[in-house]
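Below is one structure, written out as C-alpha coordinates, with a few remarks after it.
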(Lines give C-alpha, C1' and ligand atoms only; values in the text may rest on other atoms or scores of the structure.)
Protein backbone atom coordinates (compact mmCIF):
# COMPACT_ATOMS: atom_id res chain seq x y z
CA UNK A 1 0.00 0.00 0.00
CA UNK A 2 1.97 2.95 -1.32
CA UNK A 3 0.24 5.84 0.44
CA UNK A 4 0.88 4.65 3.98
CA UNK A 5 3.00 6.47 6.51
CA UNK A 6 4.45 3.54 8.40
CA UNK A 7 4.17 -0.21 8.29
CA UNK A 8 5.28 -3.30 10.16
CA UNK A 9 4.95 -7.04 9.81
CA UNK A 10 4.85 -10.01 12.12
CA UNK A 11 4.97 -13.74 11.38
CA UNK A 12 3.47 -16.54 13.42
CA UNK A 13 2.17 -20.08 13.03
CA UNK A 14 -1.57 -20.82 12.89
CA UNK A 15 -2.53 -22.84 15.96
CA UNK A 16 -4.91 -25.79 15.93
CA UNK A 17 -7.44 -24.00 18.14
CA UNK A 18 -7.78 -21.22 15.54
CA UNK A 19 -9.14 -23.65 12.95
CA UNK A 20 -12.32 -25.61 12.31
CA UNK A 21 -12.58 -29.40 11.80
CA UNK A 22 -11.28 -29.02 8.24
CA UNK A 23 -8.09 -27.31 9.44
CA UNK A 24 -9.17 -23.93 8.02
CA UNK A 25 -8.82 -20.77 10.11
CA UNK A 26 -12.20 -19.70 11.49
CA UNK A 27 -13.19 -16.42 9.81
CA UNK A 28 -13.53 -14.50 13.10
CA UNK A 29 -9.92 -15.16 14.02
CA UNK A 30 -8.65 -12.80 11.32
CA UNK A 31 -9.80 -9.86 13.48
CA UNK A 32 -7.52 -11.23 16.22
CA UNK A 33 -4.67 -11.53 13.73
CA UNK A 34 -5.22 -7.86 12.86
CA UNK A 35 -5.01 -7.06 16.57
CA UNK A 36 -1.68 -8.89 16.87
CA UNK A 37 -0.35 -6.83 13.97
CA UNK A 38 -1.68 -3.57 15.40
CA UNK A 39 -0.36 -4.17 18.93
CA UNK A 40 3.09 -5.07 17.56
CA UNK A 41 3.05 -2.02 15.26
CA UNK A 42 2.38 0.18 18.31
CA UNK A 43 4.99 -1.65 20.42
CA UNK A 44 7.68 -1.08 17.76
CA UNK A 45 6.66 2.58 17.77
CA UNK A 46 7.38 2.57 21.50
CA UNK A 47 3.74 2.53 22.63
CA UNK A 48 2.28 -0.13 24.91
CA UNK A 49 -1.49 -0.73 25.01
CA UNK A 50 -1.12 -1.50 28.71
CA UNK A 51 0.71 1.76 29.44
CA UNK A 52 -1.72 3.73 27.28
CA UNK A 53 -4.66 2.36 29.29
CA UNK A 54 -2.83 3.03 32.56
CA UNK A 55 -2.43 6.65 31.41
CA UNK A 56 -6.20 6.92 30.88
CA UNK A 57 -6.65 6.22 27.16
CA UNK A 58 -8.61 3.31 25.66
CA UNK A 59 -8.47 2.41 21.98
CA UNK A 60 -11.64 0.48 21.03
CA UNK A 61 -12.30 -0.68 17.47
CA UNK A 62 -15.14 1.31 15.89
CA UNK A 63 -15.02 -0.20 12.38
CA UNK A 64 -13.69 -3.48 11.04
CA UNK A 65 -13.72 -4.61 7.41
CA UNK A 66 -12.33 -7.90 6.14
CA UNK A 67 -12.04 -9.23 2.60
CA UNK A 68 -11.31 -12.96 2.36
CA UNK A 69 -9.27 -14.12 -0.63
CA UNK A 70 -8.02 -17.56 0.40
CA UNK A 71 -8.03 -19.63 3.58
CA UNK A 72 -5.20 -19.90 6.05
CA UNK A 73 -4.78 -23.42 7.39
CA UNK A 74 -3.52 -25.15 10.49
CA UNK A 75 0.27 -24.95 10.83
CA UNK A 76 0.65 -22.29 8.11
CA UNK A 77 3.15 -19.57 8.89
CA UNK A 78 1.31 -16.34 8.20
CA UNK A 79 2.62 -12.82 7.85
CA UNK A 80 0.42 -9.97 9.02
CA UNK A 81 1.43 -6.67 7.43
CA UNK A 82 0.04 -3.65 9.24
CA UNK A 83 -0.01 -0.18 7.70
CA UNK A 84 -0.92 3.14 9.28
CA UNK A 85 -3.31 4.82 6.82
CA UNK A 86 -2.91 8.45 7.95
CA UNK A 87 -1.74 10.49 10.91
CA UNK A 88 -4.14 9.92 13.82
CA UNK A 89 -6.39 12.59 15.30
CA UNK A 90 -9.27 11.37 17.51
CA UNK A 91 -9.05 8.06 15.70
CA UNK A 92 -6.37 5.90 14.12
CA UNK A 93 -6.78 3.79 10.99
CA UNK A 94 -4.90 0.69 9.90
CA UNK A 95 -4.85 -1.40 6.72
CA UNK A 96 -3.80 -5.06 6.84
CA UNK A 97 -2.64 -7.78 4.49
CA UNK A 98 -2.19 -11.39 5.55
CA UNK A 99 -0.03 -13.76 3.51
CA UNK A 100 0.80 -17.44 3.87
CA UNK A 101 4.33 -18.86 3.77
CA UNK A 102 4.07 -19.14 -0.04
CA UNK A 103 3.47 -15.40 -0.36
CA UNK A 104 -0.18 -15.86 -1.32
CA UNK A 105 -2.48 -13.03 -0.23
CA UNK A 106 -5.13 -14.51 2.06
CA UNK A 107 -6.95 -11.56 3.59
CA UNK A 108 -7.06 -7.78 3.45
CA UNK A 109 -8.83 -5.50 5.86
CA UNK A 110 -8.93 -2.29 7.76
CA UNK A 111 -9.83 -1.06 11.21
CA UNK A 112 -10.57 2.32 12.70
CA UNK A 113 -10.05 2.80 16.44
CA UNK A 114 -11.07 5.76 18.57
CA UNK A 115 -8.98 7.33 21.32
CA UNK A 116 -11.26 7.39 24.39
CA UNK A 117 -10.61 9.18 27.68
CA UNK A 118 -11.29 6.45 30.27
CA UNK A 119 -12.40 8.88 33.01
CA UNK A 120 -14.82 10.90 30.85
CA UNK A 121 -15.70 7.99 28.53
CA UNK A 122 -15.50 10.47 25.64
CA UNK A 123 -13.40 10.69 22.48
CA UNK A 124 -10.12 12.52 22.87
CA UNK A 125 -7.21 13.50 20.65
CA UNK A 126 -4.35 11.16 19.93
CA UNK A 127 -1.75 11.46 22.70
CA UNK A 128 1.21 13.68 21.79
CA UNK A 129 3.71 10.93 22.60
CA UNK A 130 2.29 8.87 19.71
CA UNK A 131 2.30 11.81 17.30
CA UNK A 132 5.88 12.64 18.35
CA UNK A 133 6.99 9.07 17.56
CA UNK A 134 5.31 9.18 14.16
CA UNK A 135 6.98 12.45 13.23
CA UNK A 136 10.50 11.22 14.08
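Here are some residues: 78, 92. Which one is under 19 Å from residue 20 (Cα atoms), at pLDDT 95 or above and not in a loop (DSSP other than H, G, I, E, B)? Write out each step before concluding.
Details: 92 fails: under 19 Å from residue 20 (Cα atoms).
Going through 78, 92 in turn, the sole match is 78.
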Across segment 43-57, the tally of residues that are surrounded by 14 or more Cβ atoms within 10 Å (Cβ to Cβ), touching a residue at least 12 places away in the same chain (Cβ under 8 Å) and either closer than 14 Å to residue 115 by Cα or under 8 Å from the mean Cα position of the chain (by Cα) (or both) stands at 3
Residue 67 passes all but one of the listed conditions (1) buried (at least 19 other Cβ atoms within 10 Å of the Cβ); (2) part of a strand (DSSP E or B); the exception is number (1)
Counting only residues in segment 32-42 that are in contact (Cβ under 8 Å) with a residue 40 or more places away in the chain and surrounded by fewer than 17 Cβ atoms within 10 Å (Cβ to Cβ), the one nearest to the chain's Cα centre (by Cα) is identified as 36
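So which residues in segment 65-90 are within 14 Å of residue 110 (Cα to Cα) and either more than 15 Å from the chain's Cα centre (by Cα) or free of Cβ contacts under 8 Å to residues at least 60 places away in the same chain (or both), if there are any at all? Step through it out loud before you land on a result.
Just the residues of segment 65-90 that are within 14 Å of residue 110 (Cα to Cα), to begin with: 65-68, 80-86.
Within segment 65-90, 65, 66, 67, 68 meet the criteria.
The values are calculated or read from the model by the stated rules, or taken from the named source; none is laboratory data. Please read all numbers here as calculations on a predicted model, not as lab measurements. No Cβ is skipped: glycine too gets one built from the backbone with ideal geometry, and neighbour counts run over all protein chains shown.
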